[in-house]
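Let me begin by presenting the structure, written as structure tokens, before commenting on it.
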Amino acid sequence: MPNRKHPMKSYITTPIYYVNGSPHIGHAYTSIVADILKRNRQALGVEMMLSTGVDEHGQKNQEAAADLGMEINAYLDMRCAEFREVFDRLGVQYDYFVRTSREGHKQAVAGMEQSIFDEGLIVKKAYTGTYCKGCEEFKKESDLTEDGQCPLHPTMKVEQTDETNYFLKMEPFREKLLQHIEDNPDFVTPTAFRNELKQMLSEPLEDLCISRPKSRVTLGVDLPFDTEFVTYVWFDALANYLTNVNWPSDGYEAWWAEVEHLIGKDILKPHGVYWPIMLMAAGLPLPKKLSVHSHWTGEGGVKMSKSIGNVVDPNEVIEMMGVDGLRWYLARHMRADSDSQISVELIRQAYNGELGNKIGNLLSRVAKFSNKNFEGKVPVAGTLTAEDETLRKTVLEAVSGLADWINLPEIPARVQAIVSAADAMNEYIDHQAPWSLFKNEETRERCGTVLYVTLDCQRMLFEALRQIIPASADKALTMLNAPKAATPWKPELDKLPGGTPLGEITALFPRVQ
């Protein structure tokens, strides 16, 4: 695989998550894949910035606090801590945790609004429309289902709203945005979502409502030019991507030039239409890339819901299989542009079948056998055969996919290559049968060679897996007593010296019943 020329900096963002409920599998997924991309690029020597966090404003959060009878700041602190704790448990190495209640963020949002207002691009007018509280968005008739509900929030009744608000003019920027998408094929990936965005921009755009009257919502950033209103939650939230890197202060530009927004397909419109037009209106450069993913559904493709009982709680999975059981499944099983299935049972099958049987067991078998019969050390290799070289080449090729820049849709294929390499190693060991070779004096050296080849290949495999399942990979490398890999990481053969004392060998992925 050719090594791609990559930039020296990369700034990855996840959406900021509403805190009107507890963290769920969708939040876990986006933040884990963001972390995988960060670790991949760090392994290449790229300077990284990863932001995730919470959106604390808007009507839904205000009502959620009221429903619990909590004072608003106490509620926000509680929920923010809950999200942080889950991301810390998931091993997400974020550099910046967003809270939109931060004073600096609010000032910057107000500054952006004022500058757009000064250009005459924000107008005040009365409006009658259909409002979905779930999306915190006004909907056109064509956005609704046949029975007049929001397809994303079918159980939440849409409201007919008649009120005066401030609006951002969108239509003057539509052609320019379409041209940008045309000129920059990588602006939105995968292609299916790029086409969907072009479809959204194929007809004239209505003005975007960017305020809410304080009579309805008080939780938000005051409009700088009319304090009877707060800023529409999406306008406020999207600006976090800039304020995280200290915009409008000097120095944000180098990070902003390399920003990549990871988003679920349900928020393509705010990120692909509203956000670029907000930036154009403010005279700012557009993000480099929107990387869009599909959604998780329950087994059989059924939408997840608490009433059906098919919701996957990240904390429950971690209790049962550890964080890497969850990280592995999420990295391995999301298809690029269609929804993918998840359940605790599917995760358990992948954990026992792939991590346990294929990857963990092989390490235990080979390391324990070496420990017992080669004085607790990595055996020294003798002459290599064609079969040895074939396996080494197979594993080297499989792991080198993680020694190159990865884009979001490519993650499952890179993980699949690791599974195929593990299959090849298991076949090799079964075929070479070192346990039989050890029994005869004349084949004992051959036994040592087979064990060495397998252990050294496993070292490369776990070096690559530090990007996907870091805690387990580091544990395995400690068992092998492998030397620390250099950065930029490049998989190389024969880096596990023969005669190295092995560490304590324990079950890496104990079977889950």
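The values are calculated or read from the model by the stated rules, or taken from the named source; none is laboratory data. As the structure is a prediction and not an experimental result, all values here were calculated from the model. Heads up, the Cβs are rebuilt from the backbone with ideal geometry, glycines too, and the neighbour counts pull from every protein chain shown.
Structural remarks
- A count restricted to region 1-24 and to residues that are modelled with pLDDT of 85 or more and crowded, with 18+ Cβ neighbours inside 10 Å stands at 8.
- Residue within region 134-141 that is at pLDDT 80 or above and on the phi < 0 side of the Ramachandran plot present: no
- Applying the criterion of being of a type in the set (Ser, Thr, Tyr) and surrounded by 24 or more Cβ atoms within 10 Å (Cβ to Cβ) to the residues of region 219-238, the residue that is modelled with the lowest pLDDT is TYR232.
- Flag if GLU182 is in a helix (DSSP H, G or I), modelled with pLDDT of 80 or more and under 16 Å from LEU286 (Cβ atoms): yes
- Helices (runs of 4 or more DSSP H) fully within region 325-412 counting 3 or more residues that are more than 20 Å from the chain's Cα centre (by Cα) and charged (D, E, K, R): 361-373, 386-400
- Qualifying residue in region 71-88 (condition: in contact with a helix residue (DSSP H, G or I) (Cβ under 7 Å, 6 or more places away or on another chain), over 30 Å from SER211 (Cα atoms) and modelled with pLDDT under 95): yes
- Residue in region 292-314 that is more than 30 Å from PHE138 (Cβ to Cβ) and surrounded by 19 or more Cβ atoms within 10 Å (Cβ to Cβ) present: yes
- Matching residues in region 76-94 - criterion: being crowded, with 18+ Cβ neighbours inside 10 Å, in contact (Cβ under 8 Å) with a residue 40 or more places away in the chain and in a helix (DSSP H, G or I): LEU76, ARG79, CYS80, PHE83, VAL86, PHE87
- Whenever a residue of region 372-397 is at positive phi, its partners that are outside any helix (DSSP H, G or I) and surrounded by 14 or more Cβ atoms within 10 Å (Cβ to Cβ), lying with C-beta atoms within less than 8 angstrom and at least six residues away or across chains, give the pairs GLY376/LEU502.
- Of all residues in region 95-154, those satisfying the criterion of being of a type in the set (Gly, Ala, Ser), closer than 30 Å to ILE36 by Cβ and assigned to a helix (DSSP H, G or I) are GLY104, ALA108.
- Considered as a group, the residues in region 474-508 that are touching an Asp or Glu at 6+ places or on another chain (Cβ under 8 Å) and of a type outside the set (D, E, K, R) include one that is surrounded by the fewest Cβ atoms within 10 Å (Cβ to Cβ), and that residue is LEU493.
- Only residues that are within 30 Å of TYR329 (Cα to Cα), of a type in the set (Val, Ile, Thr) and surrounded by 21 or more Cβ atoms within 10 Å (Cβ to Cβ) were counted in region 342-401, giving 6.
- Among the residues of region 160-202, those that are over 16 Å from LEU268 (Cα atoms), exposed (fewer than 14 other Cβ atoms within 10 Å of the Cβ) and in contact (Cβ under 8 Å) with a residue 40 or more places away in the chain comprise THR164, PRO172, LYS176.
- Close Cβ contacts (under 6 Å, 6 or more residues apart or on different chains) running from residues in region 436-450 that are within 15 Å of ASP388 (Cα to Cα) to residues that are assigned to a helix (DSSP H, G or I) and among the aliphatic types (A, V, I, L, M) comprise ARG446/LEU437; CYS447/LEU437.
- One residue stands out in region 48-63 among those that are in contact with a strand residue (DSSP E or B) (Cβ under 9 Å, 6 or more places away or on another chain) and of a type in the set (Asp, Glu): the one that is nearest to ALA239 (Cα to Cα), namely ASP55.
- Hits in region 316-332 (condition: more than 14 Å from GLY91 (Cβ to Cβ) and either of a type in the set (Gly, Ala, Ser) or surrounded by fewer than 18 Cβ atoms within 10 Å (Cβ to Cβ) (or both)): GLU316, GLU319, MET320
- All of VAL123, VAL109 fail the test of being in the same structural domain as THR227 (by TED's automatic domain parsing) and more than 26 Å from GLU260 (Cα to Cα), apart from VAL123.
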